[in-house]
Amino acid sequence: MAHPAPDADLAIAYLEGDRDPAPLFAEASRLRDEGKGRVVTYSRKVFIPLTTLCRDRCTYCTFAKPPGAGGVYLEPEEVLAVARAGEAWGCTEALFTLGDRPEDRWPQAREFLAAHGHDTTLSYLREMTELVDTETALFCHANPGVMTAADIEALRPSNPSMGLMLENVSLRLTEPGMPHHGSPDKDPTVRMATIEAAAQVRVPFTTGILVGIGEHPAEIVDSLFALAELQRRHGHLQEVIVQNFRAKHDTPMRGHAEPVPAWFARVVALARWILGPEVNLQVPPNLTERFETYLDAGINDWGGVSPLTIDWVNPEAPWPHLDELAARTSAAGFVLRPRLPVYPEFITPEWIDPGLLPKVSAAVDGDGLAAEPRLEGVRR
């Protein structure tokens with residue numbers, strides 16, 4: 001019997017334990033095989049934390065730090081040093097992650113920006129992504145938080161793709177006592193507007209949900225249907241991440257329970273069922289010990305994995321070695337292939353800035369994927 005079409009009530013029942021999940025996992029795997037086959041991709045990256053300052057106060061975040069605890073901004077020569085080190089290790093992605101509009105909260109941010117000829121962090125980010133794009137073979141993927149269409153358009157010539165996690169569509173999570181209280185950039189209406197703005201200026205966009213921060217099953221389902229509707233209207237979501245919350249020792253939510261992997265896998269399978277066969281679906285492999293279990297839930301991508309830099313968002317969780325990632329993916333019946341930060345189906349004049357498209361096109365093979373690096377004396 002065929003599995004029913006995506007349905008919110010049935011999805012909630014799966015999460016609440018009222019339905020046997022076996023048909024859901026079977027359908028998720030079938031949809032993934034239909035749309036993506038048995039190739040699982042990853043992006044070989046370096047993580048560039050341009051600034052750990054942020055105006056938000058999320059209670060689970062260990063990335064954001066005050067000026068005395070994490071520096072202010074990376075200098076241009078520091079940015080370039082990380083990028084060139086990544087280039088030497090065969091990386092193709094420079095992931096720029098930073099706090100949201102820290103100049104609105106921190107005078108140290110305003111002072112740094114003024115000394116470097118900028119009024120905003122996004123303007124400085126643009127200069128740094130242009131620097132990496134010009135001086136190295138890497139491709140930038142900016143993840144700077146909330147943006148307008150004009151902000152995204154300004155970054156487009158040096159970023160073949162960009163991203164912003166939705167996290168959850170529920171406004172309840174912004175109320176007092178909830179994890180997004182006091183964080184204006186975590187308002188889901190604002191974040192949804194940014195994701196939609198990327199469609200207006202034709203930028204392949206990465207987004208996703210964060211699971212386990214106090215949301216209800218219905219709010220998870222609502223978030224997935226909201227992303228599915230955006231994709232139906234615009235087709236610009238190149239990748240949807242389903243990320244499990246991990247408690248951090250230096251945050252107010254350090255004692256908060258983490259999602260059990262077996263249950264979290266149901267969320268992943270729901271994402272494939274609701275989003276359909278064509279969307280690229282990712283789960284980070286460094287946040288679960290037996291990460292290959294998510295292949296049975298319908299994913300086709302492991303996201304950015306670095307042979308060089310830590311995961312600055314989850315610094316307690318080391319990346320799997322790329323040989324291990326390939327071996328465990330293969331043992332599950334799949335082939336691991338590297339990609340650029342932009343997915344093959346978006347490497348077209350419609351989606352990539354004309355000044356950047358030749359560089360992108362020259363870096364991919366006939367499948368639109370990145371070639372495996374061949375490096376003398378350097379481990380994969």
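Listed values, structure above:
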read-out	value
Pairwise centroid distance, computed over Cα atoms, of the stretch 176-220 with the stretch 229-250, Å	9
Neighbourhood charge, 11 Å Cβ-Cβ cut-off, centred on ARG191 and excluding it, Lys, Arg +1 and Asp, Glu -1	-4
Residue among ALA137, ALA154, LEU325 farthest towards the positive dipole end of the chain, charges placed on Cβ	LEU325
Computed log₁₀ I(q)/I(0) - Debye formula, equal Cα scatterers, no solvent, the stretch 8-356, q 0.11, 0.12, 0.13, 0.14 Å⁻¹	-0.69, -0.84, -1.01, -1.19
Cα centre as origin, Lys/Arg/Asp/Glu Cβ charges: the stretch 121-220 dipole, Debye	140
Cut-off 9 Å between beta-carbons: net charge of the residues surrounding ALA28, Lys and Arg +1, Asp and Glu -1	+1
Kyte-Doolittle at least 0.5, axis length at least 20 Å by Cα - qualifying DSSP helices, the chain	261-275
Within straight-line cross-link reach of LYS45, lysines at Cα separation under 25 Å, skipping those fewer than 8 residues along the same chain	LYS36, LYS65, LYS248, LYS359
C-alpha center-to-center spacing [the stretch 1-79, the stretch 273-352] in angstrom	10
The chain - percent relative contact order, Cα under 8 Å, separation 6 or more	23
For PHE139, residues with placed amide H under 5 Å, excluding near neighbours	GLU93, ALA94
Environment charge at THR134 (Cβ cut-off 12 Å; Lys +1, Arg +1, Asp -1, Glu -1)	-3
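Values quoted throughout were computed directly from the atomic coordinates according to the rules given, and no laboratory measurement underlies them. From a predicted model like this one, the values you see are computed outputs, not experimental measurements. Here Cβ is always computed from backbone atoms with ideal geometry, including for glycine, and neighbour counts include all displayed protein chains.
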